Every structure is written in C-alpha cells, then in structure tokens.
1. Failed condition for Ala253, given (1) surrounded by 15 or more Cβ atoms within 10 Å (Cβ to Cβ); (2) at pLDDT 85 or above; (3) touching a Gly at 6+ places or on another chain (Cβ under 9 Å), with all others met?
2. May I ask you to verify whether Ala32 is at pLDDT below 75 and outside the structural domain of Ile248 (by TED's automatic domain parsing)?
3. Need pairs with beta-carbon distance below 9 Å; first residue outside the structural domain of Asp221 (by TED's automatic domain parsing) and within the stretch 258-270, second surrounded by fewer than 16 Cβ atoms within 10 Å (Cβ to Cβ); sequence gap 6+ or separate chains.
4. For residues in the stretch 146-187 being touching a strand residue (DSSP E or B) at 6+ places or on another chain (Cβ under 8 Å) and part of a loop (DSSP other than H, G, I, E, B), which is surrounded by the most Cβ atoms within 10 Å (Cβ to Cβ)?
5. I'd like to know if the stretch 275-286 contains one or more residues that are at pLDDT 90 or above and not acidic (Asp, Glu).
6. For Val190, which of the numbered conditions (1) surrounded by fewer than 20 Cβ atoms within 10 Å (Cβ to Cβ); (2) assigned to a helix (DSSP H, G or I); (3) hydrophobic (A, V, I, L, M, F, W, C) fails to hold?
Amino acid sequence: MTACAVGVGWWTAGRLLRPVHEMTAKARRLSAHTLHERIASSGPDDELKELGDTLDALLARLEQAFDSQRRFIANASHELRTPLATQRVAIQVGLEDPTPDDLVRTRQTLLDNNRRSERLIEGLLVLARSERGLEKSEREAVDLDRVVAEEAGRYPGVAADAEPCVVRGNRLLLAQLVANLVANAVTYNVPGGSARVSLVPAGAGVLLEVRNSGPVVEAADIPGLFEPFRRGEGRDRMGAGSGLGLSIVRSIALAHGGTVTAVPGPEGGLAVTVRLPVDQALAATQAGSAASTSR
C-alpha cells in the first residue's frame, strides 16, 4: 500500500506539474527575436491556465514595447541623419572658394538645420519621458484652463474658450500637450484661417479640443499623423515641424490616463480632441469654494 501510494502520488504530481515544466521550457527559449511566441496553455480553466494566460499577456506587451522601440530608433536615426547630411553639403559647397553671399547662405542653412536638430532632440526627450509614464509622486493638481489660456495666448488670433477644470498630472507635460496642439493648428493652416481651443468638463473627465480651418485632410491619413516622424500630405519634410507633435500629444495623454482622437473638419482642417480624467476631489472642493464665494 505504501509503494502504491508513492507511485500514485509521483504520477499525480508529475501530471499536475507538467504544464509548469512546459511553461518554464518555453520561457527559457524566449529572446528579443522570439517574443511573438506564446505559452498557449490548454486544459481546464484553473490556476495554471490563468498563469499561462497572464504570461501570454505579458509577452504581448513586451513584444509591442520592443517593436515600438525598434521602429522609434530607426525613424530617429533617419531623421537625425537628414540635417547632418544637409549641413555637410552646405559646408562643402558653400565654403569652397566662397563669396560673401555664399557665406551668408551657408551660415543661414547651418543655423536653420541646427535649430531643427535641437527641436528634434527636445521632442525625442519629451516623447521618451511621456512614454515612460508618470509616477504618483510626479502628479499634482493642475488648473488646465490656465494652461490653455497661457499657451493659446502665445499665438495672436487663436480663440480660446476654457472652463475651469482641474486634473491631476504633470504640469510641464500638459503644457507641452496643449502647446503642440495649438502650434500644429497655427502652422498647418491656410492663409487667413482660424484656430480655436475649447476646454469643457465632460462627466468624469474634461474635453480639450483644438480645431483649425487648414487644408483638407483625408480620414485615412489621420492615424498616421500620430506616429513619430509622420506628416500630412504636402507638408515640407525639412520645414518647421519635426513630425513629433501629435505623437507627443498621444503619449502625454496616455501617460495621464486619457485618450486622443482626431477627425477632419467639415470644410478642411483638423479637429483634435483630448479626453483626460478629472480629479473629482479637487473639482468638488473647487466647486464648493466657488459656490461659497458667489454667496
């Protein structure tokens, strides 16, 4: 009876632990090049199946992060190579037996490319910081209506309508989000066009919308505008923009638990809407203070 009990126990333990051994073997084979593989646990819906599904979800997130990193590095390398090549050509051609006019043109070309490289590097740093996410210690109460008023006030002719809204997050990143949206609306507009910023409470969140009357944008092109280094049709590749504006907006919104969407305007242009969760406790306190003041 003792021998039978030991044999049955050994067989039962081996049968129960076989899925764990299989998971361990698959996990050991994984690398940065095989993150597409999955544990794909089968069998009854028990704790081991739940563990396998959890590991598969973790692998999916890792695969997405690695793919995003590879794509970002490739795009960044390509974009940084372009201004460097332009500067090298300007130096080689402009400084070979130069005239005074050649020196002026070469200096201006080098300055323009230097400024563009600085903007690109600053954009990459902001994008990397926002994609990292926000720790609890990095969040504070932010009067988003004041941020909107400050950033919209930098551009004459931009209409701003912001109701009092308090969100919890990083003020510098939120200011960068608003600044990028307003700058895009002004830069990619038609001569004499209009740009408008609105901020309103919406349930458990706030809606920030930036709309302009720019050229017609196809709905199929909108998802690509949120990818790094992607620009709309007809936008100058070596112009003022670096192609990071809307991708930074999306990353900052996600870091604050929000979302961002865009739709073409009825007569041209783009309407970008950012939804952010509002700090309910702070909003209630602010509403109470406002009511007391009015009384």
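The values are calculated or read from the model by the stated rules, or taken from the named source; none is laboratory data. These figures come from a predicted structure and were not determined experimentally. Ideal geometry is used to build each Cβ from the backbone, glycine not excepted, and the neighbour counts take in all protein chains shown.
1. (3)
2. Working: at pLDDT below 75: yes; outside the structural domain of Ile248 (by TED's automatic domain parsing): yes.
When the stated conditions are applied, Ala32 passes them.
3. none
4. Applying the filter and picking the extreme gives Cys165.
5. Taking every residue of the stretch 275-286 in turn, at least one turns out to be at pLDDT 90 or above and not acidic (Asp, Glu).
6. (2)
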